[in-house]
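> Here it is, the structure, as structure tokens.
Just so it is clear, none of the values below were taken in a lab; they were calculated from the coordinates. Predicted, not measured: the structure shown is a model, and the values here were computed from it. Positions of Cβ are backbone-derived with ideal geometry, glycine not excepted, and every protein chain shown enters the neighbour counts.
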Amino acid sequence: MTQSLLLIPLASRNEKELLALCRDKPYNNQSPKMFYGPRQKLTEIRDVLPTEKVSWVKCMFSFEHILQKYWYMACVKCRRLTSADYGCTYTCNHCNEKQSAQPRCRFDIDLTDHSDTITASIFGEQAETLLGFTASQAMHYFNRNEDLPLAKLHEELKNKMFIVQLKPGSTKNDGSYQRYTIVYYFEENAETTSAENQLHRGSNASTANESYLQITTDQAPSCVASPPDKEELPSRTRRSLLSSLDESEETTPKRQRKK
């Protein structure tokens, strides 16, 4: 209780910083990868359930055949959709504050593995990184009625695999269509595969060592020595000692007879 009371003045002194952390959530960009490792359980796409808070899947990305504009106009603070024009200051219905309308990157991706395909949405900086264009650039292409030059990207995605953290989103309209959001993703590269292989090899080596120890323990000789089948030949040193003892026994009676 005393320690809790000590936190109150600390929180008061850092109120602005704490509010900024709660609002911006910068830790979200790093925290998912911190929890992923070679031991992390991957779910097949056909087994992804909307009741699960998050799921990790290994899949390919594709959005070549999805007609979309790759951005939407959003409140600069809460990032909710708005009908306000670009750059206009308006009162956000969610923040209840005057905010500026700015474009934010968003588009849908088909995630495919050997079991099934699921569609998920990706937002913000992660979407811009994957797309190779900012939300403002995508907006300008759209306003000029031009398609984004994505042919090279679509071709590259055909040869890449990704590790993705998914979370269920809101259902569409009558609830018949479940939406999903990409919380985090990263490309499965040689480093990731190497880590998984090393873990697998380490597990196999451990199992092999255990088996070897078990075999050697089972085949180890008993502590009770069995008698040899045939008499061992005496060593050269032992033969020399025996010969000396025999000579001493023979010479001793002769000396006694001389007396």
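> When the Debye formula is applied to the Cα atoms of the range 95-159, each taken as the same point scatterer, what base-10 log of I(q)/I(0) results at q = 0.13, 0.15, 0.22, 0.29 Å⁻¹?
-0.48, -0.61, -1.05, -1.31
> Ok, one more. What is the sum of charges, Lys and Arg at +1 and Asp and Glu at -1, for the other residues whose Cβ falls under 10 Å from the Cβ of Lys58?
Overall, the nearby charge balance is -3.
> Let me ask another. Quick check: net charge around Leu166, other residues with Cβ under 14 Å of its Cβ, Lys/Arg +1 and Asp/Glu -1?
Computed value for this residue: -1.
> Give Lys16/Lys77; Lys41/Lys160; Lys41/Lys167; Lys16/Lys53 a once-over and call out the pairs whose C-alpha atoms are over 22 Å from each other.
Exceeds cut-off: Lys16/Lys53.
> Then there's this: Count neighbours as other Cβ atoms within 10 Å of each site's Cβ, and list the trypsin sites (Lys or Arg not before Pro) in the range 118-163 that are DSSP loop with at most 14 such neighbours.
Arg144, Lys158, Lys160
> Okay, next question. Along the Cα→Cβ direction, 7 angstrom out, place labels at Gln178 and Asp116. What is the inter-label distance in nm?
About 0.7 nm separates the two model spin labels.
> For the pair Arg144 and Ser62, what calculated FRET efficiency results from E = 1/(1 + (r/R0)^6), where r is the Cβ-Cβ distance and R0 = 35 Å, to the nearest 0.05?
With a Förster radius of 35 Å, E is 0.85.
> Calculated FRET efficiency, Met161 and Asn14, Cβ-Cβ r, R0 45 Å, to nearest 0.05?
0.60
> Quick one: 3J(HN,Hα) in Hz for the range 49-56, Karplus 6.51/-1.76/1.60 with θ = phi - 60°, rounded, Gly and Pro as x.
10, x, 7, 7, 5, 9, 9, 9
> May I pose another question? Could you tell me the calculated FRET efficiency between Gln3 and Cys78, based on Cβ-Cβ distance and R0 = 35 angstrom, to the nearest 0.05?
Between Gln3 and Cys78 the formula returns 0.55.
> Output ³J(HN,Hα) for the range 73-88: one whole-Hz value per residue in order, computed from phi by the Karplus curve 6.51 cos²θ - 1.76 cosθ + 1.60 with θ = phi - 60°, and x for Gly and Pro.
The phi angles translate into 8, 9, 5, 5, 9, 8, 6, 7, 4, 9, 8, 5, 6, 4, x, 6 Hz.
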